[in-house]
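Read-outs: derived from the displayed coordinates by stated rules, not from any lab. The structure displayed is predicted, hence computed values, not measured ones. Cβ sites come from the backbone with ideal geometry, for glycine too, and all protein chains shown count toward neighbours.
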Amino acid sequence: MASVSDSIKAQFATVTKDVVNIDSRENLGEDLGEDPGEDLGEDSGENSRENSREDPGENSREDLGEEPYINDITYLNDSLSILYTKGASIVAICAYKIDSTCQLPFLKFGLEHKDQLQFPKFTFNPPPMSEKHDAGDGNDPLSTYFKNECYKQITSNTKENIIYKGFVEYEDVIYAVMDCTKADVDMIWGCIDEIVNVPSGQEIRNIKNIPVDIDIYKMLYANPVLLFIKRQSNIEIPQILYLCDSENNVYDATNILKYKMNGEYGYYFYFTSTPLVNENIMNITRVVGFIENAVFDQIGACIYFMKGGIQYWAIKTTQDFTII
């Protein structure tokens, strides 16, 4: 049986396929009156789609000549000689993916659920050092042994397409950085926003009310090169949002991805900054949305507004959000 997540992703794929013409009466099958989306293409003013981002050039979907990458991967340490001097070491696996399903790419990190959401961890005991090899050249037995032990923590099948990038040390923990962008790895994936930021009105960092290990936040802020990806410059970090439905200006949590009429704004996808309900929260659909250039309470490519003390977002196109 397909999971709720699989079902929602199938809906997203269908909506994405049709979104270019989703505002037309022919596609919606009824007379909807004036389409606010049409104004976005004609209006050359401040609310036009062309002007909804300050700089649509270097990091836009039109400029894909350079693959996105973590800021300065050369910052990472690849000399494992420290592991010989430390003896037994706690190693955490900092697995990441660069997700390119939106107009702009974004980072997400792989977590496992223990008492909290955390990086997979294990105790590494280095083998006896061979007199014929110096640790740290990337090809010596220790490097190979260490990488293989790291691979085991995140996959039981194959290390194919998982790329070891190096490590950072923070508070006596070795964080092995693994690029899993092109690998099929079964983990819980969280974006930067929900891993490092405390949601409004809450006290702890969490993903769907499951606490996120605060040591991850501390390590990332101590090593900010791991927080950003770039092409020519840093790419905006998107925000986590929760899908909701609108009917007569009344909003409810939903798992149905669709345009829904809101009398004040027209046809948009609607979201909240925090879940509208706490019951069955694991089944609530969350997305990452690029909302940096949203406009307040007026027609635009992305709108934010307040209602009943809750912050809402209306996003015009699936290029600016994706299900996570």
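Work from the charge dipole of the range 211-308 (Cβ charges, +1 for Lys and Arg, -1 for Asp and Glu, about the Cα centre) and give the residue of 289, 308, 222 farthest towards its positive end.
Ranked along the dipole, the leading option is 222.
For residue 95, which sequence-distant residues (separation of 5 or more, or a different chain) have an amide H within less than 5 Å of its own amide H, given hydrogens modelled in the peptide plane?
Excluding prolines and chain starts, which carry no amide H, the hits are 110, 178.
How large is ³J(HN,Hα) for each residue in the range 118-125, as worked out from phi by the Karplus curve 6.51 cos²θ - 1.76 cosθ + 1.60 (θ = phi - 60°), to whole Hz, x for Gly and Pro?
For the range 118-125, the Karplus curve yields 8, 5, x, 10, 7, 9, 9, 10 Hz.
I'd like the distance separating the alpha-carbon centroids of the range 265-324 and the range 162-193, in whole Å.
29 Å
Indicate the gyration tensor shape class of the range 164-222 (rounded, prolate or oblate), computed on the Cα atoms with a ≥ b ≥ c the square roots of the eigenvalues: a/c under 1.5 is rounded; otherwise a/b larger than b/c is prolate and the rest oblate.
Oblate.
Which of the lysines could a cross-linker span from residue 258 if the Cα-Cα distance has to be under 23 Å and same-chain partners fewer than 8 positions apart are dropped?
9, 17, 208, 307, 316
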